[in-house]
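Heads up, the thing below is written out as structure tokens.
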Amino acid sequence: MAAIRLFAEKGAAQLNVSDLAQEAGVARGTIYNNVENIDQLFQQVASQLSKEMHQRVNDSFAGLEDPAARLATGIRLFIRRAHEEPHWGAFLSRFALSDASLREMVYSQATADVLKGLSTGRYRFPQSHLASAISLIASATLGAMLLVREGIKTWRDAGSETAELVLCALGITVDEARRLASADLPPLPALD
């Protein structure tokens, strides 16, 4: 948790071993014994966060087959977690689009659900627009997380509004998008 907070506040290039040791309450030697360098630590943190969130979101989808409902739920879970864990949200906001591990976390499940929605006719846009659609989803979600972090919107409002707007952009009717974006949100299961 200390590394996430420090990376979010200072960035990868500005963080040093002394900062990390002080935040973690350990000696610098302990850090040197366990971390080859700050860049390696950043990659470990990003990779671990990506795997963990991907698994937790997948676990929350139990019994949820509709790709539009899955997408709305996923968007809202990311936004809620940014509210509940501000350092996680700040880390993701700062690095999600610039780090491959974090991009994978944001893009992978959304891509699968969008492709399924396209193949079943649930979404109405040309498949040639897929990369732009995924970018729209990721950018809108990260933007909503910022609104929550800055206190401009509650996580509930930002999550529902963002999910609704994204679904409409993909071709879901306004009424259905609103219904899906305001459905009860399942818990984000902890990892075993």
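Only Lys, Arg, Asp and Glu count, each charged at its Cβ (+1, +1, -1, -1), so figure out the dipole size of the chain about its Cα centre, rounded to 20 debye.
Working: 19 positive and 22 negative charges, 54 e Å.
Here the size comes out at about 260 debye.
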Label-to-label distance, nm, for residues given as residue 14 and residue 93 (7 Å Cα→Cβ offset): 1.5
Packing rank of 69-76, 95-102, where each peptide gets the mean count of other beta carbons within 10 Å, highest leading: 69-76, 95-102
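Please give the length that would be gained between residue 48 and residue 152 if that part of the chain were fully extended, namely 0.36 nm times their separation in residues minus their C-alpha to C-alpha distance (nm, one decimal). Display every interim value, and only then the final one.
On the way: separation 104, 0.36 × 104 = 37.44 nm, distance 2.95 nm.
Value of the extension gain: 34.5 nm.
Taking 0.36 nm per residue of separation and subtracting the Cα-Cα distance, what length does fully extending residue 36 through residue 56 add?
On the way: separation 20, 0.36 × 20 = 7.20 nm, distance 2.87 nm.
Fully extending the segment from residue 36 to residue 56 adds 4.3 nm.
List 152, 172, 38 from most exposed to least, where exposure is judged by having the fewest other Cβ atoms within 10 Å.
On the way: 152 11, 172 23, 38 20.
Arranged by neighbour count, lowest to highest, 152, 172, 38 become 152, 38, 172.
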CD proxy at 222 nm, helix term only [per DSSP H run n ≥ 4: -39500 (n - 2.57); per residue of the chain; nearest 500]: -23500 deg cm²/dmol
log₁₀ of I(q)/I(0) at q = 0.12, 0.17 Å⁻¹ - the chain, Debye sum with one point per alpha carbon: -0.60, -1.06
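Readers should treat all values here as calculations from the given coordinates under stated rules, not as data from a laboratory. Source: prediction; values computed, not measured. When we count neighbours, we look across all protein chains shown, and the Cβ atoms used for this are built from the backbone with ideal geometry, even at glycine.
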